[in-house]
Structure formats: C-alpha cells, structure tokens
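Working notes, beginning with the structure itself.
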Ligand SMILES: Cc1cc2nc3c(=O)[nH]c(=O)nc-3n(C[C@H](O)[C@H](O)[C@H](O)COP(=O)(O)OP(=O)(O)OC[C@H]3O[C@@H](n4cnc5c(N)ncnc54)[C@H](O)[C@@H]3O)c2cc1C
C-alpha cells in the first residue's frame, strides 16, 4: 500500500518524527520467537494467514499487515508485550473483535497487533452496587446476559453487540439505538485498568462515578486505542425497564417523519429509542422478508418508550402519538406482545442487511446534525444522491441526529464510484455547516483523519494533540489515528467507505 | 477580584497578558490559591447564548448562574436534572448546584448531586466547552450535538479540573425534560454546614448514612454529607472536602501533573488549587 500522507500535517500539533512503517525484514529478526518466549507459543500468531486476517477491520478500504499478532491472557501479558515493543521501537495496535468502521484496529505502520480475544472473563459481579468488573475482550452482549437474571443490563447496545468487545466499545465510545435515553458507552464506565503506551499498568476512576480529580476515564473513552490498551473495566449496570412500549409510525412524506422527531423532543419527551427508516430501506426489507407497510409509506419511525411505571410510559407514548398525528402520520402500529415488538423492529434491525441484496456495493456514511435540522438535511441527502445519479436509503438514529445515508451503486463503474465519493463528502460538509459532527459513532480512525480540520481549528487540534500527549508522547501506540499530524501514514486508496451501519 | 472583558477575543488577550489567574470556588472548596494570582469574578461573564429546545442542548457563557439557567430551561419544560431548583428550604446546603455561583464552577468541581443514579452527571451532560489557554488561544472542545465521537473528549477532562487546565468560558450542556424527573431521596438528618461530601457504594450506604457526623444522605446517588471529614470512611469511597482531595503520591497525581504540564505549562491557572500544583 502507498505510504505517503495526503493529509497536510497541522503545524505545531505534537510534532511527530517521520514515522516509517515497521519493516519486519529490516527489523528484529527474532520477533516471533521473542514474543513466543514472552507469552508462549499458543499466544502468538505469525505468517501469511495471520497477516491477512488482521490487516483491516470492518472498514476494508485501507489495509496494512501486522508483523505478528499476540493473544495475551491477562493485563500482565499485555504489559510485557508493550514493553517489548517499546524497547525495540515496534508499533503496536490493540484489537477487539475488529468490527470497527473507521480503521481503528488497522496496524497502520505494521508491527504487533495485540488482540483481546482471550481477555473474556467477568472478574466480579456486584449486584447490590450494580456494577461489574470485566476483561475488555468480552463481547458486549455477554455482559448483559450475565446479569439478566437480576433485572440488570449493560446499557450501550451497538448493533454489533453480539461480537463487538467491551474494549472496542470503550475505545470508540460506542452508541446504539437506546443511546438517546441511556447515553453512550462513556456514561457507563466507572473505572479502567490500562497498559499505558510505555507498558506501565495504570488505573483510572474507580468503582463509582466521580472523584476529586480530572475525569481521565472520560478522556480515555473514545480515544480509539491511542492512549493505551484497556484490559479491565468496572462498568455500571442499569436496571432493565419494567415497562416497554414500542410503536411503528408510518408517514407518507419524509418531512412528516423528520418534523415528528424534533417535535417529540420539543414536547419534553425523550423516548428510549427513536429510529428512522425511509422507503429505500422498506423496499429492501419487503423484498427480503415479505414484511408489508401501509400503502404510500415514505418513512417509518420506530419509537420506544420505557420506564418503571405504566402511567408514566403511557403518558410518554400518548405525547408521542399526538406529535405523530399532528404531522399527519398514516398509521401507528403498537406492539402488544414481545413477538409484535420484534416484528416492529424488523426494518431497523435487518434493513442494512436487506440493502446488501439490492446492489453490488453499499456504502454508509456516519455524520451528526442537530436534530432540528433533520428535515433540511434529508432534503439535501436526496438532492445530492439524485445529482450524483446513485441510489440512497436512510436508516438511522434520528433521535440523536445521527445520520447513516446508505448509497447503493455498482463499484465496477468508476464514474459511479467517483460520484459516490463526492456525494459522501458533500454530506459530511453539510453536517458541519449545520453545526454537527463528522462522526457520531464510527470514530475517526484513519478514515476521517482528513476531515478533522473541517470540524476543528488548528488551535483545537493542537489542544487535542496535547491531550493525547498526556498519555502518549510517542509514535508506537496505535499510530496514524485520529489526528492529522502524523507523516508517512495511510494513503486512503479510495475515498469511499467500505461498509457501515 | 476583576470582571472579565465581554468578548472572547478580549478575554483571550487579557489571559495572555496576565501572569497568574485565580478563579476561586464560591463555596470555598479546594486548597487555597496563591494570593499573587489575579482573582477573576467569572459571574461577570454570563448569559445564555443559545437554547434550541428541539436539539435538547443549551449553550451559555460560563459565568451564568445555575438559577438563571434553570429558569430559562424550565420555561420550555427542561432542566438540569439535579434537585435544584425544586429544593425544600432545608435541602439547599446539600445541593452543590444551588451553592455554585456559576455553571463553570459546578463543572470544574464535578460535584455529585442527588439524582445522579437515574439522571447521570457532568460526563453525560457536558458536550462541549470553550476554553482559553494560558497563551490566550480560544479553543473549542467537544461539539454542540448530543452525539459526537470526533477526536478526543477533552471537554470531559475539564470536569473536576478546578479551572487548573484552562479558563472555561463557554459551556454547552445536554438538558433533560422536567416531565421525566425521577423522585429524589435526599434526606436531611440535621441542619448544618457540610464540611465534606462523600460518595459511598450502595453496600456501604446503610452503615455510612447513620454515622453521627452525617448531616444528610441520598440513597439514589450514594452520597452522604458530613459535618467534617474527620474520619477516613470506607475503602472505595471518595471524600470531597474543604481542602484538596488529591495528594502527592496518589497514583493519579502523576497523570494530573502530566495534564497540567501539557495544558498549562506556565502554571498560570489557579496556582495552588490542588495543593499539588
Ligand atoms: C454490523 C456492525 C454494526 C455496528 N453497529 C454499531 C452501532 O450500532 N453503534 C456503534 O457505535 N458502532 C457500531 N459498529 C462499529 C463497531 O462495532 C464499534 O465501534 C465497536 O465498539 C468496535 O468494537 P470491536 O471490539 O470490534 O473493536 P475493534 O474494531 O477491534 O477496535 C476498534 C478500536 O478500538 C481499539 N481497541 C479495541 N480494544 C481495545 C482495548 N482493549 N483497549 C484500547 N483500545 C482498544 C482499537 O485499537 C481500535 O482503534 C458496528 C459495526 C458493524 C460491523
């Protein structure tokens, strides 16, 4: 892959030396043997198949092969590997399940991938205090499964939750459909144990929120593995709501649905989930699963309210219904049973998969706008797609203003690829024009590094460089991510995003 | 105490020219700040800048008082979900937000409140800040949308920073509908001036809340207010008292020093505030 940097480094932000990709041939010839000596044979993978399996995450556009992959069993072993890498100037990158969508776990300069695959233990469950200590390689959903019997769960619920790891969730500050009410991952992390970029084992935060110090845990969450490798975390457990009401409202105009979203919030109601799907998604879902929606439906809103007492939840749902009706909704289907609820969620949960059947390539973007701007933004998305002559469908966290426009096209046609690239950039720029963000949940990774200067000034980025330097003054711990200050990094092969949710 | 100039640019110039700046706590929290520093009355820089209700956010100057903020939010059915302003008269001493003169101070001290278990705290509410660095640069941290994962969340590092990393001049918060406010469980045991706030685990709560020095307790957030912080309290609790709360030798002190070196290399802001800087 090409190694020249297309991103102009920002003057003055953590000047980093020219970083060379780690060249195993020129580097230390005994790398694998050394790692085996440190961790044992069963914990080290090397060779072509390992290199290929770990050369990218779910953002498959950019790839870079590691020289070796290690599977440590505990914090100490992670620290040993990091210290070894530091001693020999070998870059290292943490990896969870590899479901990241911005190339965060990509070993951009090669070196060692430190996988948390074996760090899957729950170390302590403390039901009275509603918290749990777990290793960070455990899948998100296993955390909730472990305490379901006690009426508790780990609230962050990314769609990838059956495989995505706690460490990956912390690093990306993952959200999900229920983020609107329950908040992103950082709101559920009480304390972390981390191997810092020099290989020292450190802890931050504790067993409950707050403390008389800077909120370092708040900084570590969302830092995409660039501040160290988190090996264990105390997480907050949230009671499962006793009452859940789910509705699916259909609208014959996009505007009707988008105005409803802002209207619900303006009324002082925050549903647990408020998700939107447009007709492009519905067509795909209908074709794939035979589900039908009211004739003339252009947009659906999946709305879920939850809480502990029926009266409050019903009152919220009533408020929601009124806003839907005032925006001329066609129909509101309410779930009476758990099976109904699953059915109403079908379009949301299976929409993107169904899209995959419609076109050779789909590309999903991730941007955020203030939700009151949804009507204007969606008009813009459709116009851009029409101008670019590519198909677009939308399935997204409307309540959070977190868009995922999904383009479908034929990537064998260079003209279409070019149009999709340009359309994507136009959309992200529009998000910023409207006061939003370049990413709501996929992260910056390598994918969006060159968009950072659109959102942040040079002074802002310098400050971010300083924040990174609190923990990571060097260039070895997950290099080439987040900040556009690093030379010799990844040249994006194509400016379209591989896949996404 | 000096008043701040009334534009960001002029504040930035003033900060760049002033060698040491103190933004003391209106509650007397924190170790004493060096008397050589010029004291700033942040409440002179106040006012709500934007409150787009549909976006569930509010942006304000950092010196805005909690009372002014809550009033503006309430007019649209929103609030910051602490007990304030719906306090019983005897609860006021036990609600840090009611005692903070400015929003920035409430953020900078990251104090607990009585509805924390259900409605979260500053880490959830604070989505962006504008900060002036010691060199007089105006820096935006975070964003102004409720969901954002672009770059490092430095605005969260300002929580608990006691203004020692930079001068917080604007604050953007996520707000909460009043209709969904849960009940609180703050109980005032006896009137008095709290000398310390302690956060304890639920499992220690029964034992801690009946101790004689306890003035008030709140089950939901696991908080007890003490007349003074004479005893050590249970392992795993933290105590925030009139004093520092962090000591040299604390493992976290090393990282606080590193953050200070990076963000405020000339030790301009609140010299002395931690007792460690
Ligand atoms: C089908 C699908 C659906 C998705 N849905 C959502 C969604 O709803 N919401 C959402 O937010 N995201 C979603 N994602 C994105 C992705 O699943 C999340 O970002 C997830 O948190 C990544 O977890 P992971 O274990 O796969 O991490 P990886 O991809 O392995 O790594 C992600 C980043 O975290 C770092 N990292 C991993 N482990 C550690 C650790 N222990 N310590 C420090 N750094 C670490 C890596 O270096 C990398 O930078 C989806 C992805 C897919 C493929």
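A short reminder: the numbers here are calculations on the coordinates, not readings from a lab. Here the structure is a predicted model, which means the values were calculated and not measured. Cβ atoms come from the backbone with ideal geometry, glycine included; neighbour counts cover every protein chain shown.
For segment B:42-93, restrict the atom set to alpha-carbon positions and state the Rg and Dmax in Å.
Cα radius of gyration and Dmax of segment B:42-93 are 11.9, 35 Å respectively.
What value does chain B have for Rg/Rh, both radii from Cα atoms and Rh as Kirkwood defines it? Could the numbers behind the result be given before it?
On the way: Rg = 18.3 Å, Rh = 19.2 Å.
Rounded to two decimals, Rg over Rh is 0.95.
Given the peptides A:383-395, A:145-157, arrange them by the average over their residues of other C-beta atoms within 10 Å, most packed first.
A:383-395, A:145-157
Over the Cα atoms of segment A:243-350, what radius of gyration and what Dmax do you get, in Å?
13.1, 39
In nm², what is the average projected area of the convex hull enclosing the Cα atoms of segment B:59-153? Could you put the intermediate results ahead of the total?
Values: hull surface 28.7 nm².
For segment B:59-153, the mean projected area of the Cα convex hull comes to 7.2 nm².
How are the alpha carbon pair distances in segment A:83-132 distributed across 5 Å bins from zero to the largest one, expressed in percent?
5, 16, 18, 16, 13, 12, 9, 6, 3, 0
Taking every residue in A:432-440, how many Cβ atoms of other protein chains lie within 10 Å of its Cβ, on average?
On the way: counts 1, 0, 1, 7, 6, 10, 5, 5, 7.
Mean shielding by partner chains, rounded to a whole number: 5.
Sort out for me the Cα centre separation of segment B:146-201 from segment A:239-292, rounded to whole Å.
Rounded to whole Å, the Cα centres lie 32 Å apart.
Given only helices, namely DSSP H runs of n ≥ 4 each adding -39500 (n - 2.57), what is the per-residue ellipticity at 222 nm of chain B, to the nearest 500 deg cm²/dmol?
On the way: 9 runs with 63 residues, N = 277.
Only helices count here, giving -5500 deg cm²/dmol.
Averaged across orientations, what area in nm² does the convex hull of the alpha carbons in segment B:1-131 project? Walk me through the intermediate numbers first.
Numbers: hull surface 35.6 nm².
Here the figure is 8.9 nm², rounded to one decimal.
Going by alpha carbons, how many degrees (0 to 90, nearest 10) lie between the helix axis of A:310-326 and the longest principal axis of chain A?
70 degrees
Taking each residue in A:234-241, count the Cβ atoms of any other chain within 10 Å of its Cβ, then average. What number comes out? Show your work: numbers first, answer last.
Details: counts 0, 0, 2, 0, 2, 2, 0, 0.
Going residue by residue through A:234-241 and averaging, the value is 1.
If each of residue A:20 and residue B:179 carries a label point 7 Å out from its Cα toward its Cβ, how far apart are those two points in nm?
Label at residue A:20, label at residue B:179, 6.4 nm between them.
Evaluate the distance, in nm, between pseudo-label points positioned 7 Å from the Cα of residue B:213 and of residue A:312 along their respective Cα→Cβ axes.
Rounded to a tenth, the inter-label distance reads 3.5 nm.
With each pseudo-label sitting 7 Å past Cα toward Cβ, what's the residue B:41-residue A:74 distance in nm, one decimal?
Taking the simple label geometry, residue B:41 and residue A:74 are separated by 5.9 nm.
Evaluate segment A:122-239: find the radius of gyration of its Cα atoms, find its Kirkwood radius, and give the ratio Rg to Rh.
Numbers: Rg = 13.1 Å, Rh = 14.0 Å.
Using Cα coordinates only, the ratio equals 0.94.
Relative contact order of segment B:96-194: what whole-number percent is it, with Cα pairs under 8 angstrom and at least 6 residues apart? Write out the running numbers ahead of the final one.
Values: 121 pairs, mean separation 33.6, N = 99.
Reported as a whole number, the value is 34 percent.
How big is the gap, in Å, between the Cα center of segment A:368-422 and the Cα center of segment A:147-218?
31 Å
Count, for each residue of B:255-262, the Cβ atoms from other chains sitting within 10 Å of its Cβ, then give me the mean as a whole number.
Values: counts 9, 4, 1, 4, 9, 2, 3, 9.
The per-residue average across the peptide is 5.
Please report Rg over Rh for segment A:9-153, where both radii come from the alpha carbon positions and Rh follows the Kirkwood definition.
Working: Rg = 17.7 Å, Rh = 16.9 Å.
Reported Rg/Rh (Cα atoms, Kirkwood Rh): 1.05.
Translational D (Stokes-Einstein, µm²/s) of segment A:212-277 at 20 °C and 1.002 mPa s when Rh comes from the Kirkwood sum over C-alpha pairs?
Roughly 130 µm²/s, to the nearest whole number.
Note the angle between two axes, namely the Cα long axis of helix A:75-87 and the longest principal axis of the Cα atoms of chain A, as a number of degrees from 0 to 90, rounded to the nearest 10.
So the inclination is approximately 60 degrees.
What angle do you read, to the nearest 10 degrees and between 0 and 90, between the alpha-carbon axis of helix A:338-355 and the longest principal axis of chain A?
Helix A:338-355 sits roughly 60 degrees off the main axis of chain A.
Which distance in Å, rounded to a whole number, links the C-alpha centroids of segment A:344-366 and segment B:16-87?
Computed from Cα coordinates, the inter-centre distance equals 45 Å.
For q = 0.08, 0.10, 0.11 Å⁻¹, what log10 I(q)/I(0) does the protein assembly as shown give under the Debye formula with an equal point scatterer on each alpha carbon and no solvent?
For the protein assembly as shown at q = 0.08, 0.10, 0.11 Å⁻¹, log10 I(q)/I(0) is -0.64, -1.04, -1.28.
For A:130, A:412, A:95, A:348, what ranking results if the residue with the fewest other Cβ atoms within 10 Å of its Cβ goes first? Could the numbers behind the result be given before it?
Numbers: A:130 19, A:412 9, A:95 28, A:348 22.
By the 10 Å Cβ count, ascending, the order reads A:412, A:130, A:348, A:95.
Indicate the gyration tensor shape class of segment A:359-441 (rounded, prolate or oblate), computed on the Cα atoms with a ≥ b ≥ c the square roots of the eigenvalues: a/c under 1.5 is rounded; otherwise a/b larger than b/c is prolate and the rest oblate.
Values: a/c = 2.09, a/b = 1.86, b/c = 1.12.
Prolate is the answer for segment A:359-441, as a/c is 1.5 or above and a/b outweighs b/c.
Of all the Cα-Cα pairs you can form in segment A:170-252, what percent are over 15 Å apart?
63 percent
In square nanometres, what is one fourth of the surface area of the convex hull spanned by the alpha carbons of segment B:155-216? List each step's numbers first, then the result.
Values: hull surface 28.5 nm².
Answer in nm², one decimal: 7.1.
Per-residue ellipticity at 222 nm for chain A, helices alone: DSSP H runs ≥ 4 residues times -39500 (n - 2.57), over residue total, nearest 500 deg cm²/dmol? Write down the numbers at each step before the final one.
Details: 15 runs with 164 residues, N = 501.
Taken over chain A, the calculation gives -10000 deg cm²/dmol.
Pairs of alpha-carbon atoms within less than 8 angstrom and 6+ residues apart define the contacts here; what relative contact order does chain A have, in percent? Could you put the intermediate results ahead of the total?
Numbers: 1114 pairs, mean separation 100.2, N = 501.
It comes to 20 percent, rounded to a whole number.
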